[in-house]
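**Q** Please find one structure pasted underneath; my questions will follow.
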Amino acid sequence: MKTVEPPPTGPISSGYRPWLDGVRGVAVLMVVAQHVLKPTGVDLGFMGVSLFFALSGYLITSLLLDELDARGSVSLGNFYLRRGARLLPALFLMIAVCNLLFLAFGDFHPIRGSVYALTYSANYAQVIAPHSMPGFGPTWTLAVEEHFYIAWPLVLLFVVRRWGIRTALRATLGACFLALVWRLVLALGHVRISLLEIGSLERSDALLYGCAAALALRIGWRPRPWMFAMGVIGTAAIPVAFHTESYHAAILGQGAMAVATAAVVVGLDYRAGQRFRAVLSARPIVTVGVFSYGIYLWHGPVIRVAGDAALDGGWWRATAALGAIGAAAVSYRFVEHPIRRWARTVRPREAPPATNPALARGQS
């Protein structure tokens, strides 16, 4: 049974927001800094990955609801085509080039890990065998996001069509709570902490709070100013409060970080001051954000290659990271962008307009 819901109040942001690419830029620089400076007093990688997850949930949900609003339906075939065009070519290129470099240096250990990366099983491979992904370790986050991209559109559209956006929001927040409870159950069973930290189900709330924010906007909710401020403070403070690996950190720290980063992302659209947005919209930060996926892919293997060449130490790792930025720029210019542009030309079949007002919501 479909429900009729009142329209939202207030304008909803639409179009390209450069500050969100700025968030990507800051997030990827945090991750790279963590791997260059290792170890650091504060887990910058935890902060960066959490921002990536929250932003992914927020934007993917917004895109799906935008298409539902505009067309009355969502072409899942086109959605998955665009996701594949966005993610796969750059991944294939990086693995092919880096594996050749590893073989040239006689380093055969990363080859098996590259298979896990290609099959989006890197997170569970590392849970089972912690040292199975040399060079490709960061690809565990790609596995978490890919599993989300496969499942979330199907679940979201089923719930929204059948029960409306309000119910979808309640169900999403309920799933966030269940993820927290599930981590607690696993901790009581003394499973490996790594499962709580990098498992797809176990980290699902890191994406789902961003999804919940996008859903809430469609029914008229707007974040309060203090929410954005607390999100920024929490994103910076939580890694300090939970700086050691423990069940406590994996259960509560990850849940708190998921809430904080979702507040940062939605707050940037609705509550951040113009100066704050202007900083994140600066061209160098936005450019890094545009290349962020490639930078994330390349930096781990390139640092490993530098080690194979006996170029170890912080300065060499930093140099390798700069090389990864260059590789990401080339990949984006000649591989990623052309294929993504082609994927955007594939048009979904026309669908009849939506008859359920609950489905007609503004852009987030």
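Laboratory data are not the source of any read-out in this text; all were calculated from the coordinates shown. Predicted model, so just to flag it, every value in this text is computed and none were measured. Glycine gets a Cβ as well: all are built from the backbone with ideal geometry, and neighbour counts include every protein chain shown.
**Q** Can you tell me which of 287, 235, 244 is more than 30 Å from residue 189 (Cα to Cα) and either within 17 Å of the chain's Cα centre (by Cα) or β-branched (Val, Ile, Thr) (or both)?
**A** It is 287.
**Q** A further question on this structure: When you check residue 85 against the structure, is it over 24 Å from the mean Cα position of the chain (by Cα) and in a helix (DSSP H, G or I), yes or no?
**A** no
**Q** Being within 27 Å of residue 80 (Cβ to Cβ), touching a Cys at 6+ places or on another chain (Cβ under 9 Å) and of a type outside the set (Phe, Trp, Tyr) narrows it down to one of 156, 178, so name that one.
**A** From the options 156, 178, the qualifying one is 156.
**Q** Among the β-branched types (Val, Ile, Thr) and under 15 Å from residue 179 (Cβ atoms), is that true of residue 259?
**A** yes
**Q** Taking region 297-317 only, how many residues are farther than 18 Å from residue 90 by Cβ and either surrounded by fewer than 16 Cβ atoms within 10 Å (Cβ to Cβ) or aromatic (Phe, Trp, Tyr) (or both)?
**A** The total comes to 8.
**Q** Is it true that residue 29 is of a type outside the set (D, E, K, R), surrounded by fewer than 22 Cβ atoms within 10 Å (Cβ to Cβ) and touching a helix residue (DSSP H, G or I) at 6+ places or on another chain (Cβ under 9 Å)?
**A** yes
**Q** Still on this structure: Considering each of 170, 183 in turn, give the residue that is surrounded by fewer than 18 Cβ atoms within 10 Å (Cβ to Cβ), basic (Lys, Arg) and part of a helix (DSSP H, G or I).
**A** Being surrounded by fewer than 18 Cβ atoms within 10 Å (Cβ to Cβ), basic (Lys, Arg) and part of a helix (DSSP H, G or I) holds for just one of 170, 183, which is 170.
**Q** Identify the residue in region 112-159 that is more than 17 Å from the chain's Cα centre (by Cα) and hydroxyl-bearing (Ser, Thr, Tyr) and, among all such residues, is surrounded by the fewest Cβ atoms within 10 Å (Cβ to Cβ).
**A** Here the residue is 119.
**Q** Let me ask something else about it. Mind checking whether some residue in region 249-271 is assigned to a loop (DSSP other than H, G, I, E, B) and on the phi > 0 side of the Ramachandran plot?
**A** For region 249-271, residues assigned to a loop (DSSP other than H, G, I, E, B) and on the phi > 0 side of the Ramachandran plot: absent.
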